[in-house]
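The values are calculated or read from the model by the stated rules, or taken from the named source; none is laboratory data. Remember, it's a predicted structure, so these values are computed and weren't measured experimentally. With ideal geometry, Cβ positions are generated from the backbone for all residues, glycine too; neighbour counts draw on all protein chains shown.
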Amino acid sequence: MKILAISGSLRAKSYNSAIIRALKIIDTNIDIYKDLDKLPFFNADIDNHTLEEDNSPVLVQELRKNIARVDAIVISTPEYAFEIPGVLKNALDWLVSSGEIVDKPVAVISASTSGMGGDKANIVLMNLVKVLTGDISKELSLCVSRVNKKIDNKGKIIDKVLLDELKTLLNNLKLTVKKGFYEADI
Ligand SMILES: Cc1cc2nc3c(=O)[nH]c(=O)nc-3n(C[C@H](O)[C@H](O)[C@H](O)COP(=O)(O)O)c2cc1C
């Protein structure tokens with residue numbers, strides 16, 4: 001089973017990116033998307049695709065191909081001013097009209113240094129995923145509070161509960177793929 005993992009943070013020492021790297025250690029079948037910062041701003045004038053061919057910017061084509069070839073997606077996002085980062089929204093905007101993400105299970109993680117775990121960004125992203133894919137199970141969502149106490153300055157997860165939560169989330173994602181997306185509990 002192939003999974004694409006996306007961190008919504010561009011920060012070099014990002015906790016969300018550390019979570020994504022930890023997921024890849026748990027499951028080596030996970031690929032990490034690395035071009036979030038290079039994607040052009042969404043512009044419908046250059047979103048140029050049909051069912052047969054895609055003449056949109058090359059990095060957009062690659063993002064779409066990456067999404068198309070995986071069974072599931074996991075996103076870990078910071079919360080900026082109660083929202084998801086603009087770069088992450090931008091990437092998702094490119095997927096709205098092309099449809100590769102439709103029917104594909106997405107797990108949503110938000111990680112914040114606050115005690116709320118980026119819960120507002122988590123809800124925003126869950127709603128976006130619902131718009132893009134049609135559905136999302138609550139079992140595919142995780143808020144990580146006080147993340148700076150759970151990941152050390154080398155990006156290693158030092159909190160066993162968080163590690164277990166990530167393993168459970170990944171298992172839930174794989175189970176959702178196996179049992180067929182639309183049979184997932186809502
Ligand atoms: C501009 C800015 C806005 C932020 N807004 C929020 C917020 O609304 N809620 C929250 O919980 N944390 C907020 N934070 C804290 C981030 O969640 C925290 O810095 C987190 O570690 C960023 O994720 P990263 O480590 O993956 O880069 C904000 C941080 C910045 C820099």
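Structure notes:
- Flag if VAL106 is away from the ligand (no atom under 16 Å from the Cβ), within 23 Å of VAL144 (Cβ to Cβ) and not acidic (Asp, Glu): yes
- Taken together, the residues in segment 87-120 that are outside any loop (DSSP other than H, G, I, E, B) and either closer than 21 Å to ALA72 by Cβ or touching a helix residue (DSSP H, G or I) at 6+ places or on another chain (Cβ under 7 Å) (or both) amount to 14.
- Members of segment 121-139 that are touching a Lys or Arg at 6+ places or on another chain (Cβ under 9 Å) and surrounded by fewer than 23 Cβ atoms within 10 Å (Cβ to Cβ): VAL124, MET126, LEU128, LEU132, THR133
- Single condition PHE82 does not satisfy, out of (1) farther than 19 Å from VAL147 by Cβ; (2) within 14 Å of the ligand (Cβ to nearest atom); (3) in contact (Cβ under 8 Å) with a residue 24 or more places away in the chain: (1)
- Selection over segment 139-150 of residues that are over 15 Å from THR77 (Cα atoms) and either part of a strand (DSSP E or B) or modelled with pLDDT under 95 (or both) gives a count of 1.
- Take the conditions (1) at pLDDT 95 or above; (2) of a type outside the set (Val, Ile, Thr); (3) surrounded by 15 or more Cβ atoms within 10 Å (Cβ to Cβ); (4) within 15 Å of the chain's Cα centre (by Cα); LEU59 misses just one of them, which is (4).
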